[in-house]
Protein chains: 2
Amino acid sequence: VARVTATGTGHASGLVDELVGVVGERHVLVDPDMTAGYAVDWTGRFRGSTPAVVRPGSVEEVADVVRLLARRGIPLVAQGGNTGMVGGSVPTAGEVVLSTRRLDRLEPVDALAGQVTAGAGVVLDRLHEHAEAAGFTFGVDLGARSSCTVGGMIATNAGGIHVLRYGSMRAQVVGIEAVLGDGSVVEHLAGLEKDNTGYDLAGLMCGSEGTLGIVTKARLRLRPRFDHVVTAMVPVGSMAAAMEVAATLRATVANLNAVEMVGRAALDLVADHLGVAPPVRAEVVLVVEAAAHHDPSEELAAGLEACGELAGEPAVAVDGAARRALWRFREGVTEAVNAAGIPHKLDVTLPAAALAEFADHVGDAVHRLDPSTTTYLFGHLGDGNVHVNVIGLAPGHDADDVDRAVFELVVAHHGSISAEHGIGTAKRDFLHLNRSPAELAAFAALRRAFDPAGILNPNVLVPT
Amino acid sequence: VARVTATGTGHASGLVDELVGVVGERHVLVDPDMTAGYAVDWTGRFRGSTPAVVRPGSVEEVADVVRLLARRGIPLVAQGGNTGMVGGSVPTAGEVVLSTRRLDRLEPVDALAGQVTAGAGVVLDRLHEHAEAAGFTFGVDLGARSSCTVGGMIATNAGGIHVLRYGSMRAQVVGIEAVLGDGSVVEHLAGLEKDNTGYDLAGLMCGSEGTLGIVTKARLRLRPRFDHVVTAMVPVGSMAAAMEVAATLRATVANLNAVEMVGRAALDLVADHLGVAPPVRAEVVLVVEAAAHHDPSEELAAGLEACGELAGEPAVAVDGAARRALWRFREGVTEAVNAAGIPHKLDVTLPAAALAEFADHVGDAVHRLDPSTTTYLFGHLGDGNVHVNVIGLAPGHDADDVDRAVFELVVAHHGSISAEHGIGTAKRDFLHLNRSPAELAAFAALRRAFDPAGILNPNVLVPT
């Protein structure tokens with residue numbers, strides 16, 4: 001695969017002409033001032049350069065662009081809202097950037113099916129508003145909602161706080177249209193809930209990080225919109241007890257929407273940051289939510305009752321402002337951590353049976369490495385997903401060592417080194433910790449099958 | 001790929017010795033009396049022969065068998081309970097049969113995670129009992145429950161009546177262990193709900209019909225066990241109205257478990273067969289069920305109320321015997337159709353917006369082809385899944401013509417020619433109706449990636 005590392009070479013300028021021939025001059029950006037925003041991620045951690053940002057306006061244009069790059073052996077990075085956490089949508093090795101943002105057509109909601117067809121460039125916020133207006137909701141929500149796109153969410157199999165109830169992005173996708181590495185277009189968008197006519201290409205694209213194909217359109221499941229929501233903040237004495245509480249709530253509260261967790265250190269930090277004392281305080285605090293067509297307060301109370309001594313006296317809220325006040329102690333953690341220093345952030349999943357032991361030891365493991373650190377734990381406990389944020393790494397200490405120490409503890413407990421964020425370029429060199437040589441060989445074979453020229457995001461996930 | 005069509009040849013007997021070397025003499029069957037039951041499906045429609053049935057007892061033995069067959073280029077068919085509908089697990093071209101039934105280890109339920117690890121040979125009935133004993137249920141249930149195996153259900157992405165609530169088999173699988181076509185073993189069984197560390201091999205295996213790998217073990221999601229169930233039989237004036245009722249119930253009844261459908265002809269037939277008058281009668285009758293921790297009768301009644309004029313006065317049952325009496329009119333249809341003649345059975349899905357028009361015309365389309373036929377419609381309306389059963393095909397008329405007529409109508413309405421049953425050998429020649437050349441090429445590339453020697457069930461799905 002050829003590398004294009006600078007514009008203005010004969011190679012690249014011929015390329016630009018060809019790209020212009022496909023999408024028109026307006027939609028090929030080459031001026032570094034214009035391409036700069038596409039060449040760096042929002043955190044500033046991942047930075048690259050690109051000979052051209054190409055913005056196709058249709059699946060045919062995407063296919064033509066991919067075909068011409070495949071013919072020339074020039075790699076590309078597909079980019080949606082560029083809100084990723086692992087450098088997966090940035091041209092770190094001088095790739096062409098294929099922006100999907102113009103593919104932003106949102107079709108009317110199909111109320112009979114409870115589905116909608118959305119272009120890859122549709123922003124999550126807009127999808128939510130569109131669904132709500134038709135009496136539905138969309139099952140995935142996350143912090144980057146004002147920028148992240150449907151295509152990027154599919155490519156990264158985005159999760160968020162409602163995975164417990166609705167699953168991750170993969171569980172929302174009923175069909176896709178995508179361009180594979182040879183420029184061929186696969187399309188299966190009828191939205192059939194039962195359809196055993198071959199392999200699940202739609203599911204396979206979810207979480208493939210732009211390496212198997214470029215999703216251009218998706219058929220998405222919508223969920224009923226619930227008008228009644230109850231939120232409770234529940235004090236729990238230990239992480240082991242919190243896991244028992246989560247399991248009991250899952251088993252007893254059918255309308256359970258979320259079981260989120262804030263560890264004691266993170267709770268104190270966010271309370272300081274907000275300047276508000278939390279209504280409950282404990283080793284672990286859970287933010288629990290149920291949503292239903294009727295008031296689910298009784299249902300949630302019964303579930304907490306079933307937890308017996310394990311769950312302390314909760315703070316409960318049903319009206320919007322009071323609920324948001326409780327959520328601030330969970331959702332504000334990221335902001336509080338960012339304000340406290342330059343955080344090093346990890347996002348891992350542990351098996352339910354091993355999570356408490358991991359949580360009880362991960363801070364010590366990091367501390368042993370660097371005694372100046374503080375480790376904050378929070379996350380989506382209902383899914384076993386823990387965010388590990390480390391603050392105060394001493395100068396000269398390598399963040400990679402922190403990664404390695406945490407990941408080794410994760411792997412020793414049979415957990416995943418990437419819960420929601422994916423592998424990207426950031427965790428590529430750690431993937432072997434989670435995946436055996438046989439799995440990595442299968443991944444590589446899959447890549448070759450879908451992208452024989454090796455041009456789709458070649459530096460991400462499993463290197464081609 | 002070599003074909004082994006008879007036992008006793010030098011080629012085959014050398015093979016048998018090698019297989020015996022892997023699994024032991026007791027577990028290689030060559031006597032046609034012993035292999036006959038593995039060489040024909042339960043309906044008797046698909047029949048073949050095999051030089052050997054091999055019954056490995058561990059994943060290592062499965063891998064050794066696959067490796068030795070790959071080396072010799074001898075094809076195999078993986079077989080679980082052999083309850084498939086499309087000839088996908090029968091050695092129709094003289095393949096070796098690899099039976100997964102001895103891989104029947106069922107681990108203790110992990111109550112904290114709400115999951116269980118099961119061998120591919122575990123029978124569905126046993127899985128259900130095991131889950132119930134631990135306070136859970138398993139999300140997929142179907143008629144073949146006393147014979148079908150976890151491995152076969154994964155390979156065919158089995159559905160059934162609760163797909164509406166829990167999804168098909170793919171939605172239950174959190175992890176798999178499988179042997180690929182080169183004998184390599186991929187294993188990812190920790191049961192992590194959020195795990196974005198590469199491609200979704202587990203989901204890809206679901207519905208792959210034994211062509212990408214042989215599933216040997218799976219990590220499965222369990223669901224809360226509900227003690228309160230309400231069933232209603234609802235008369236509706238037309239299929240179009242039935243689709244509106246289904247959509248309204250999905251939107252308003254959070255604890256909805258099933259929306260099943262019986263057309264008028266099928267209802268009359270089953271009532272005759274049972275010798276019992278149905279409590280309601282209409283152009284379309286829906287069997288609707290909700291299940292919850294509390295009595296969901298009010299919730300279901302409110303949902304039906306929200307349907308307004310579209311839903312007629314329902315017959316409602318909450319106790320077990322009365323509920324079963326209602327279900328007999330839905331579950332008895334297959335038996336009633338079988339008793340009425342030799343049925344030709346099709347299993348299709350239509351988009352919600354097109355289902356009513358399809359249902360209103362499919363009987364006529366078949367009738368035009370053969371005026372002696374009667375067409376019965378029933379199925380899982382909540383998923384858009386219609387079973388089309390045709391009785392009374394005149395002698396000399398080819399069932400393939402019926403298939404073609406129905407499938408063409410399905411495809412004209414953007415539906416799927418196989419909802420639950422898969423493609424197997426039965427629908428292989430029709431797959432191009434549903435899948436474009438680009439999709440079929442992607443399927444073929446996937447097969448080559450996972451099974452370079454082309455030995456895994458080569459006559460099924462997309463021929464190698």
Residues that are at the interface with chain A (Cβ under 7 Å from one of its Cβ atoms) and either among the charged types (D, E, K, R) or more than 20 Å from B:Ile214 (Cβ to Cβ) (or both), drawn from segment B:422-435: B:Leu431, B:Asn434, B:Arg435
Failed condition for A:Glu209, given (1) of a type in the set (D, E, K, R); (2) facing another protein chain (nearest Cβ under 10 Å); (3) surrounded by fewer than 22 Cβ atoms within 10 Å (Cβ to Cβ); (4) farther than 25 Å from B:Asp347 by Cβ: (3)
Complete set of residues in segment A:37-76 that are buried (at least 22 other Cβ atoms within 10 Å of the Cβ), touching a Ser or Thr at 6+ places or on another chain (Cβ under 6 Å) and not in a loop (DSSP other than H, G, I, E, B): A:Val53, A:Val62
Subset tally (residues that are part of a helix (DSSP H, G or I) and either touching a strand residue (DSSP E or B) at 6+ places or on another chain (Cβ under 8 Å) or on the phi > 0 side of the Ramachandran plot (or both)) for segment A:418-440: 3
Filter result (polar (S, T, N, Q) and out of contact with any helix residue (DSSP H, G or I) (no Cβ under 7 Å at 6 or more places or on another chain)) within segment A:422-460: A:Thr425, A:Ser436, A:Asn457, A:Asn459
Residues of segment B:172-192 classified as facing another protein chain (nearest Cβ under 7 Å), within 24 Å of the chain's Cα centre (by Cα) and under 27 Å from A:Val253 (Cβ atoms), total: 1
Residues within segment A:212-238 that are surrounded by fewer than 24 Cβ atoms within 10 Å (Cβ to Cβ) and within 12 Å of chain B (Cβ to nearest Cβ), tallied: 7
Filtered residues of segment A:151-162 (kept if farther than 12 Å from A:Leu204 by Cα, under 11 Å from the mean Cα position of the chain (by Cα) and not in a loop (DSSP other than H, G, I, E, B)): A:Gly152, A:Met153
Checking B:Gly167 against (1) farther than 22 Å from A:Tyr166 by Cβ; (2) within 20 Å of the chain's Cα centre (by Cα), the condition it does not meet: (1)
Within segment B:394-424, considering residues that are buried (at least 20 other Cβ atoms within 10 Å of the Cβ) and of a type in the set (Val, Ile, Thr), the one farthest from B:Val362 (Cα to Cα): B:Ile423
Neighbours by Cβ (under 9 Å, 6+ apart or cross-chain): first from segment B:355-377, more than 28 Å from A:Asp110 (Cβ to Cβ) and free of Cβ contacts under 8 Å to residues at least 12 places away in the same chain; second surrounded by 15 or more Cβ atoms within 10 Å (Cβ to Cβ) and hydroxyl-bearing (Ser, Thr, Tyr): B:His367/B:Thr373; B:His367/B:Thr374; B:His367/B:Thr375
The listed residue being more than 30 Å from A:Thr83 (Cβ to Cβ), more than 9 Å from chain B (Cβ to nearest Cβ) and not in a strand (DSSP E or B), out of A:Thr248, A:Thr197: A:Thr248
Residues that are in a helix (DSSP H, G or I) and more than 8 Å from every other protein chain (Cβ to nearest Cβ), drawn from segment A:441-464: A:Ala444, A:Arg447
Cβ-Cβ under 6 Å pairs, at least 6 apart or on other chains, segment B:324-344 side among the small types (Gly, Ala, Ser), far side crowded, with 19+ Cβ neighbours inside 10 Å and part of a helix (DSSP H, G or I): B:Gly332/B:Val270; B:Ala336/B:Leu269; B:Ala336/B:Val270
Selected residue (criterion: farthest from B:Leu249 (Cα to Cα)) from residues of segment B:372-385 that are more than 10 Å from chain A (Cβ to nearest Cβ) and in a strand (DSSP E or B): B:Thr374
The lone exception for B:Leu355 - which of (1) touching a His at 6+ places or on another chain (Cβ under 9 Å); (2) surrounded by fewer than 19 Cβ atoms within 10 Å (Cβ to Cβ); (3) farther than 20 Å from B:Thr374 by Cβ it fails: (2)
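Test of understanding: among B:Gly88, B:Gly81, which residue is away from chain A (no Cβ under 14 Å), of a type outside the set (Asp, Glu) and crowded, with 21+ Cβ neighbours inside 10 Å?
Numbers: B:Gly88 fails: away from chain A (no Cβ under 14 Å).
Checking each option against the conditions leaves just B:Gly81.
Values in this text are rule-based calculations from the coordinates and carry no lab data. These numbers come from a predicted model, not from an experiment. Virtual Cβ from ideal backbone geometry, glycine too; neighbours counted across all protein chains shown.
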